[in-house]
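Asks: To start, I am sharing the structure in question, which I have written as structure tokens.
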Amino acid sequence: MLTNRSKVVVKKEMNFWERIYLPAILGGIVITIKHLFRRSATVRYPEKKREISAIWRGQHVLKRDDIGAERCTACGLCAVACPAEAITMIAAERKKGEENLYREEKYASTYEINMLRCIFCGLCEEACPKEAIFLTDRIIETDYGRKGFVFGKDKLVEPVDQRVDVSKRQTPAVLEFKQHKQLTHNK
Ligand code: SF4
Ligand code: SF4
């Protein structure tokens, strides 16, 4: 015995009422009925959604600039900052004539986030010098297989005609923080 916390269990003889189980069953029914009148702890998701914080950290978005070019320059800083090692990418060189597709000379030809590894800490967003990646208030959809949770550019880059609003992430506190001299790279 490593500790003295163990208890000797005594097998107590059941009395008449305990043997017929009726009081225990009635007690259970009373508890069930009480719960019928209490506020439900669950919601009927996805028909009904809980209110979430304005700066909820959900599904990432890879942003485009004003003319629709991808902002990501495949520098890899987000992947280095990621504590869960959830981000992988392959860099490629922009060719002549692709200036409207990619903002910088280098871009990510492949960019993947494994949502099963991601802990939604937001460090990738903070590390990005190009304001290319943001977390949004979108919830990751469920899937039956693991592969479905590896999000590629098809799911991460915002469509040109359906931009994802990330202004909520730019709270006054965040904007003030970005004014710091050492963070001018974030402009
Ligand atoms: S939110 Fe955190 S864990 Fe998820 S990809 Fe970004 S840095 Fe990695
Ligand atoms: S830190 Fe930003 S620019 Fe660099 S690879 Fe990540 S998303 Fe792209």
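Asks: Can you find, within the range 114-130, the residue that is nearest to Cys82 (Cα to Cα) among those that are near ligand 2 (Cβ under 10 Å from one of its atoms) and touching a His at 6+ places or on another chain (Cβ under 9 Å)?
Replies: Cys124
Asks: Is the range 113-130 home to any residue that is more than 11 Å from ligand 1 (Cβ to nearest atom), closer than 22 Å to Lys49 by Cβ and free of Cβ contacts under 8 Å to residues at least 60 places away in the same chain?
Replies: no
Asks: Ile140: of a type outside the set (Lys, Arg), away from ligand 2 (no atom under 14 Å from the Cβ), at negative phi and free of Cβ contacts under 8 Å to residues at least 60 places away in the same chain, yes or no?
Replies: In short, no.
Asks: On to the next question. Which residues, counting only those in the range 56-85, are more than 8 Å from ligand 2 (Cβ to nearest atom), touching a Lys or Arg at 6+ places or on another chain (Cβ under 7 Å), within 25 Å of Glu99 (Cα to Cα) and part of a loop (DSSP other than H, G, I, E, B)?
Replies: Lys63, Asp65, Ala69
Asks: Here's a follow-up. Is it the case, given these coordinates, that Ile90 is surrounded by fewer than 16 Cβ atoms within 10 Å (Cβ to Cβ) and closer than 30 Å to Arg50 by Cα?
Replies: Taking the combined requirement at face value, the residue does not satisfy it.
All of the numbers you see were taken from the coordinates with simple rules; none came from a lab. Quick caveat: nothing in here was measured; it's all calculated off a predicted structure. Glycine gets a Cβ as well: all are built from the backbone with ideal geometry, and neighbour counts include every protein chain shown.
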